[in-house]
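To start, the structure under review is shown below, and the notes come after it.
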Amino acid sequence: MAEIIDRISDLPAHIIYDILRKVGKYHNLREEARTCILSKRWSSIWRWRPDVIISKYNHKGLKNNLENFVKSVDDSLLPYAEHNLRIETLCLIGLAHPGLTSHIDRWLNLAIKHNVRSLNIYSNSMKNSKYYSIPDALHAAKMLTELSLRRCSLEVDDSTNKLQQLINTCQLIRNLSVDDCKGIHNLCVAGLVNLEKLELLNCEGLKKIEIQAPNLRVFAFKGAPLSMYQKTREVLPLPCTINILDGYKTLQILKLEAATMTDQEFEYKLSKFSALEVLELTRCYEIKKIKIVSHKLKRFTLWYWRNLKQVDLLTPNLREFDFESGKMCMPFSTMVTSNLKRANIFFYKRGSYVDPDIVYGNVDTSWYNNVQDFVRKLDYSKGLVLVILCRQYKSILIYEDPSEIIIPPTREIKLRITNPLMYLEKFAYDLIKSDPKIISIVPCTESKMVQVFHEMIMRYRKKQNKELPNEVINHNDKDAVEDDGTTPFYSWLKSTPLIERITNFMF
C-alpha cells in the first residue's frame, strides 16, 4: 500500500491561517473546525488562527452558565498568551451580560498587547440592554486599522468623548464604523490620513461632524428620524451639521439617511465631490429639490420620500437607479437615461387598508402620466425589459416589446427595468417562485422569453407538485380560457390593445 504523504502539514502557518479565514468567512466556525481532519498539524492549529471571534451565538454557556462561558473563552485565548501568537482580528459579539464587563476588558487588553489590527465590538442589539463602556486601555491600540463599534458608550464629559480620543491616538485607522453609540455630541475626524471608509449611524445626540480625511472613499451617515424632534424646530439649529472639509477628489460613495440638509446645503456640498459614483439618499425630508450634474455618477438611490417635489439628473453615465415612495409623486423633471442598465421604482400605499376603487382606475392623472412618460423615454434598444408587479392582485406584466407601453392604473406598483438576456432562466424562475396568479408577457419578434417561461413554469410546478397553469395566447381564440373570478388587473388588461398580442400564464 502506497504511503500517504501529508503535504498540507508542510504549508507555512500564514497560508493555513489564510485558508481558515476564508472558510470561516464564507461558511461558519463549525466548518472551520472540521478542517482539523485534513492533517495532523491542522488538528489544533485552527484554534490558534489570528482571527478571534467571541460570540454568545457560538457559546451556549453564556445563557446557561456565565462561569463556564468565561472559562471556555479564557482557555481558547491561553495559547495566544503563552506562545505570543498573533491576534489580527478580535470580534466581540452580543456580550451584553452585566457580569462580563471586566472579562471583556481583559480580552481586549490581551488583543491590544498582541497588536490587534481589526476590532469589532457589537454589544447586544436589544434596546433595553446596557451599553458597553469602552475602556481607556483601547487608546493604546496604535496598530488598529479597522474599528467597528455598536451599542457602546463613549461618554467622557461635555468637552470630549472616547471616540474623539481614539481618533487622536490611533491614527492608522482605515475603516471606522460607529452604530447606535451614545456619548458623542461633537466629532472632529482629522489626522487619519489613511481613512477610506467612515460610517456614523444612529448616534443619538450627535450635533456636529467635521471631517478632514484626504483619502476618504466612503461616507455613510444615518441620523435620528425627524419625528423625534419638536415640530417647532425650524427656529432651532439643525439636529446634526455635517462638514466634509476634504476628500473632494476621492469620495466615491455617499450614503445619507435622515440627514437634515436643506436644498441649498445639499447642492453646494454635492458639487464639490467630483469623483462620486454612488449616491444613496433615504428619508432626507428637508430636501425638496435635487439637482445633480455629474459625469461620474453610476448609481443613484432615493428611498422613503414624502416631500420631494423636483429631481433633475444630468448624469449621462448613470447605470443603476432606485426610487421608493409612499406618496404618489414622480418628481423627475430631467433625467438622462441613455446608459441605464437597471432600475427599480416602487410606489406603495401607506397603511394596511387598500380601497379597491382607489387601487384601480382612480389614480392621480399627473402622477400616472409622469410614470408612463418616464418608462417610455427609456432606451430599450440594448435588451432592457420592463417588468411591472402589482402586489395586491399578484399580477406580473412584462414588456419585452416596448413599442406600446401602458402602465396599469394603480398606485401600488413596482417597476423593474433590467436586462435579463444573459440570465433568462433565472429571471423567469425568480418571478415564478413569487407565486403570482397571472404572468402576462408582451413579446418582441422572435422572442425566446415566452418559451423559457413556459419551460420554467412546467419545471417549477412539477417540482412543487402543483397544478399546471393555463396558457392563453390569443384571447379571441375559441379555445381561450375563460376568466374565473376576474381581478381588476385582468379586467383592465382585456380593455387594452395589448390583449391581441399578449401571452398570459394563469395559475
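The values are calculated or read from the model by the stated rules, or taken from the named source; none is laboratory data. Quick caveat, the model's predicted, so the values are computed rather than measured. Here Cβ is always computed from backbone atoms with ideal geometry, including for glycine, and neighbour counts include all displayed protein chains. Keep in mind that these areas ignore ligands, DNA and RNA; they rest on the heavy atoms of the full protein, side chains included. Shrake-Rupley method; radii C 1.70, N 1.55, O 1.52, S 1.80 Å.
Checked against (1) crowded, with 18+ Cβ neighbours inside 10 Å; (2) in contact (Cβ under 8 Å) with a residue 40 or more places away in the chain, ASN161 passes all but a single condition, namely (2). Screening the candidates TYR248, TYR268 for the property of being farther than 22 Å from GLU324 by Cα, surrounded by fewer than 16 Cβ atoms within 10 Å (Cβ to Cβ) and aromatic (Phe, Trp, Tyr) yields one hit, TYR268.
Taking first residues from region 421-442 that are polar (S, T, N, Q) and partners that are outside any strand (DSSP E or B), the Cβ contacts under 6 Å between residues at least 6 apart in sequence or on separate chains come to SER440/ILE502. Only one entry in LEU172, LEU216, LEU198 is of a type outside the set (Asp, Glu) and over 25 Å from the mean Cα position of the chain (by Cα), namely LEU172.
Each residue in region 414-449 was checked for being aliphatic (A, V, I, L, M) and surrounded by fewer than 16 Cβ atoms within 10 Å (Cβ to Cβ), and 2 pass. Of everything in region 483-507 that is at pLDDT below 85 and polar (S, T, N, Q), the residue that is surrounded by the fewest Cβ atoms within 10 Å (Cβ to Cβ) is THR486. Remark: pairs (first residue in region 362-381, among the aromatic types (Phe, Trp, Tyr); second residue open to solvent by less than 70 Å² (accessible area, probe 1.4 Å); Cβ separation under 6 Å; 6+ apart in sequence or on different chains) = TRP367/MET328; TRP367/MET330; TYR380/PRO402.
What do you reckon, is LEU119 closer than 17 Å to LYS197 by Cα, without any contact (Cβ under 8 Å) to a residue 60 or more places away in the chain and in a loop (DSSP other than H, G, I, E, B)? Lay out the reasoning, then the answer.
Details: closer than 17 Å to LYS197 by Cα: yes; without any contact (Cβ under 8 Å) to a residue 60 or more places away in the chain: yes; in a loop (DSSP other than H, G, I, E, B): no.
It is false that LEU119 is closer than 17 Å to LYS197 by Cα, without any contact (Cβ under 8 Å) to a residue 60 or more places away in the chain and in a loop (DSSP other than H, G, I, E, B).
Does any residue in region 254-279 that is at positive phi come within less than 7 Å, Cβ to Cβ, of a residue that is outside any loop (DSSP other than H, G, I, E, B) and at pLDDT below 90 six or more places away or on a different chain, and which pairs are these? Going by the 7 Å Cβ cut-off, the qualifying pairs are ALA258/LEU226. Can you name the residue in region 322-370 that is among the hydroxyl-bearing types (Ser, Thr, Tyr) and under 25 Å from GLU277 (Cα atoms) and, of all such residues, is modelled with the lowest pLDDT? Checked region 322-370; the qualifying residue modelled with the lowest pLDDT is THR337.
Here SER129, SER148, SER118, SER123 are screened, and the one residue that is within 19 Å of VAL178 (Cα to Cα), out of contact with any helix residue (DSSP H, G or I) (no Cβ under 9 Å at 6 or more places or on another chain), open to solvent by less than 20 Å² (accessible area, probe 1.4 Å) and at pLDDT below 90 is SER123. If you go through region 191-227 and keep only what is among the basic types (Lys, Arg) and modelled with pLDDT under 95, you end up with LYS207, LYS208, LYS222. Residue count for region 165-182 satisfying the condition of being assigned to a helix (DSSP H, G or I) and either buried (at least 18 other Cβ atoms within 10 Å of the Cβ) or touching a strand residue (DSSP E or B) at 6+ places or on another chain (Cβ under 6 Å) (or both): 2. For region 245-267, the set of residues classified as among the hydroxyl-bearing types (Ser, Thr, Tyr) and either modelled with pLDDT of 90 or more or touching a Pro at 6+ places or on another chain (Cβ under 7 Å) (or both) consists of THR250, THR260, listed by residue number.
Which is within 29 Å of MET335 (Cα to Cα) and of a type in the set (A, V, I, L, M, F, W, C), of ILE457, ILE396? First the steps, then the outcome.
Numbers: ILE457 fails: within 29 Å of MET335 (Cα to Cα).
Of ILE457, ILE396, the one residue that is within 29 Å of MET335 (Cα to Cα) and of a type in the set (A, V, I, L, M, F, W, C) is ILE396.
Only one of GLU286, GLU280 is assigned to a loop (DSSP other than H, G, I, E, B) and either acidic (Asp, Glu) or crowded, with 20+ Cβ neighbours inside 10 Å (or both); which? Talk me through it step by step, then tell me what you get.
Numbers: GLU280 fails: assigned to a loop (DSSP other than H, G, I, E, B).
Exactly one of GLU286, GLU280 is assigned to a loop (DSSP other than H, G, I, E, B) and either acidic (Asp, Glu) or crowded, with 20+ Cβ neighbours inside 10 Å (or both), namely GLU286.
Restricting attention to region 58-85 and to residues that are modelled with pLDDT under 85 and basic (Lys, Arg), the residue that is farthest from TRP48 (Cα to Cα) turns out to be LYS63. Listed by first and then second residue, the pairs with beta-carbon distance under 6 Å, at least 6 apart or on different chains, first residue in region 394-417 and on the phi > 0 side of the Ramachandran plot and touching a residue at least 12 places away in the same chain (Cβ under 8 Å), second of a type outside the set (S, T, N, Q) and in a loop (DSSP other than H, G, I, E, B), are LYS394/PRO436; LYS394/LYS437.
Kindly indicate whether any position in region 378-393 is in a helix (DSSP H, G or I), hydrophobic (A, V, I, L, M, F, W, C) and either at pLDDT 90 or above or surrounded by fewer than 19 Cβ atoms within 10 Å (Cβ to Cβ) (or both). No.
There is no residue in region 299-311 that is under 20 Å from LYS208 (Cα atoms) and open to solvent by less than 60 Å² (accessible area, probe 1.4 Å).
Scanning region 404-413 for residues that are open to solvent by less than 10 Å² (accessible area, probe 1.4 Å) and either among the hydroxyl-bearing types (Ser, Thr, Tyr) or not in a strand (DSSP E or B) (or both) returns ILE405, ILE407, PRO408, THR410.
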